[in-house]
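The block underneath contains the structure these notes are about, expressed in structure tokens.
The values are calculated or read from the model by the stated rules, or taken from the named source; none is laboratory data. Nothing here was measured: the structure is a model prediction, and the numbers come from that model. Every residue, glycine as well, gets a Cβ built from its backbone with ideal geometry; the counts of neighbours run over all protein chains shown.
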Amino acid sequence: MLNVKQILLLVVAFAFVAIDAAFSQSNTKIDSLTAVLNKYPKEDTVKARLLIELSRASVKIKIKEGMAYSEQALTILENFNAPELKADALYTKARHLEAMGRNKEALDVILTTVDVYKSLQRAKKMIEVYNLLGLIYGNLLEAENQRNYYDRALNLSEQIKDITNKIIALNGLGNAYSDLGDRKKAIN
């Protein structure tokens with residue numbers, strides 16, 4: 001029978017293996033997308049979409065490169081009427097800004113996407129925006145706004161049965177209620 005110390009070592013070892021596997025998958029995705037992008041000759045919405053996917057894959061791994069991909073996509077999209085793609089590029093840019101600790105800039109960028117996703121009725125993307133807004137407001141130590149946006153994300157994720165984003169919203173709500181001093185709601 002394993003003792004507590006051995007169990008903890010196994011848990012830590014498993015966590016490192018899981019993190020390493022996720023990192024490897026992200027790098028593989030980045031490498032694959034980069035290879036496709038390098039062979040793609042046109043400056044069109046397809047290339048912009050590739051750049052946005054590269055930017056998403058680069059969040060928290062290659063922050064500066066990911067931000068550059070978002071910027072390149074936005075430059076290409078200036079020549080096209082593609083509001084959702086532009087909002088996608090702005091969303092990924094905001095994620096990179098948040099990861100860099102540039103929360104006020106991230107807030108300015110992400111707020112421009114809200115109306116676009118609402119008008120296009122993109123519930124899943126609205127949930128992602130609300131969760132990111134909750135995270136940014138949490139970083140800015142604005143717990144009431146943090147709670148407000150995580151609450152919106154939770155409600156919308158329950159409506160469309162999006163479990164992953166529901167978990168993110170619940171975690172964020174717990175943090176917000178803790179920051180607001182309401183331990184009972186935080187625990188719930």
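Kindly evaluate residue 111 against the criterion of being crowded, with 16+ Cβ neighbours inside 10 Å and part of a helix (DSSP H, G or I).
For residue 111, the condition - crowded, with 16+ Cβ neighbours inside 10 Å and part of a helix (DSSP H, G or I) - is not met.
For every residue, the table says whether it meets (1) under 22 Å from residue 151 (Cβ atoms); (2) in contact with a Gly (Cβ under 6 Å, 6 or more places away or on another chain); (3) touching a residue at least 60 places away in the same chain (Cβ under 8 Å); (4) not basic (Lys, Arg).
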| site | (1), (2), (3), (4) |
| --- | --- |
| 64 | no, no, no, no |
| 76 | no, no, no, yes |
| 86 | no, no, no, no |
| 92 | no, no, no, yes |
| 128 | yes, no, no, yes |
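Name every residue in the range 97-108 that is free of Cβ contacts under 8 Å to residues at least 40 places away in the same chain, part of a helix (DSSP H, G or I), more than 21 Å from residue 85 (Cβ to Cβ) and not charged (D, E, K, R), in order of residue number.
Selection gives 103, 107.
Here are 33, 54, 107, 111: which of them is among the hydrophobic types (A, V, I, L, M, F, W, C) and either over 16 Å from the mean Cα position of the chain (by Cα) or at pLDDT below 80 (or both)?
33
Among (1) part of a helix (DSSP H, G or I); (2) over 19 Å from residue 106 (Cα atoms); (3) not hydrophobic (A, V, I, L, M, F, W, C), where does residue 145 come up short?
Of everything listed in (1) part of a helix (DSSP H, G or I); (2) over 19 Å from residue 106 (Cα atoms); (3) not hydrophobic (A, V, I, L, M, F, W, C), residue 145 misses just condition (2).
Of everything in the range 100-142, what is within 21 Å of residue 164 (Cβ to Cβ) and β-branched (Val, Ile, Thr)? Give them in sequence order.
110, 113, 114, 127, 129, 136
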